Amino acid sequence: QVQVAESGGGLVQAGGSLRLSCAASGSTFRFSTIGWYRQSAGKERLLVARISVGGRSTDYANSVKGRFTISRDNAKNTVYLQMNSLISEDTAVYFCNYFPASPSWGQGTQVTVSS
């Protein structure tokens, strides 16, 4: 079973940037479409971005399109989420998982954007 560890979150002012990392154990991760998801307080977990196995195909939620960039380094079994021009609505716990998501989730990383 693949385990993931999300990192890179923190407190940032509106307009700032953060880069999240998702490091995975297990060999199936690099052969799978991976997504970044986020969950704001009191709301359901939603897909933010996803990336294909080879990294050539990406897709984004409308709310982050043009501001976030997902990428991956399969040699390192790691997926990244570069977040620019952050707004308060981006405040959430961010998770990575397969796409479609498996039932097993990591602890996530908290992103807080102050306005």
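Descriptive notes on the structure:
- Considering region 1-70, its Cα convex hull presents a mean projected area of 5.7 nm².
- Point-to-point label distance, Q39-T58, nm (Cα→Cβ direction, 7 Å offset): 2.5
- Accessible carbon and sulfur surface of region 1-83 relative to its total accessible area, %, 1.4 Å: 47
- Environment charge at G10 (Cβ cut-off 13 Å; Lys +1, Arg +1, Asp -1, Glu -1): -1
- Within region 1-40, none of the trypsin sites (Lys or Arg not before Pro) combine a DSSP coil assignment with at most 11 other C-beta atoms in a 10 angstrom radius.
- Magnitude of the charge dipole, region 46-89, Cβ model with Lys/Arg +1 and Asp/Glu -1, debye to 20: 120
- Calculated diffusion of region 40-115, Stokes-Einstein form, Kirkwood radius summed over Cα pairs, 4 °C and 1.567 mPa s, µm²/s: 96
- The chain - charge dipole about Cα centre, Lys and Arg +1 at Cβ, Asp and Glu -1, debye rounded to 20: 220
- Here the Karplus relation 6.51 cos²θ - 1.76 cosθ + 1.60, evaluated at θ = phi - 60°, turns the backbone of region 59-70 into coupling constants of 8, 9, 5, 4, 5, 10, 4, x, 10, 10, 9, 9 Hz, with x for every Gly and Pro.
- Loop-resident sites, region 44-94, for trypsin sites (Lys or Arg not before Pro), counting at most 12 other Cβ within 10 Å (DSSP): R56, K65
- Mean separation of Cα contacts under 8 Å, 6 or more apart, over the residue count of the chain: relative contact order %: 36
- The residues of region 26-82 present an accessible area of 55 Å² per residue when probed at 1.4 Å with all protein chains retained.
- Positive-pole candidate from V93, A61, T109, dipole of the chain, charges at beta carbon: A61
- In sequence order, calculated HN-Hα J values of region 2-16 (Karplus, 6.51, -1.76, 1.60; Hz; x Gly/Pro): 6, 10, 10, 9, 8, 8, x, x, x, 9, 9, 6, 4, x, x
The values are calculated or read from the model by the stated rules, or taken from the named source; none is laboratory data. Here the structure is a predicted model, which means the values were calculated and not measured. Virtual Cβ from ideal backbone geometry, glycine too; neighbours counted across all protein chains shown. Just so you know, the surface numbers come from the protein's heavy atoms only, side chains and all, with ligands and any DNA or RNA stripped out. Shrake-Rupley method; radii C 1.70, N 1.55, O 1.52, S 1.80 Å.
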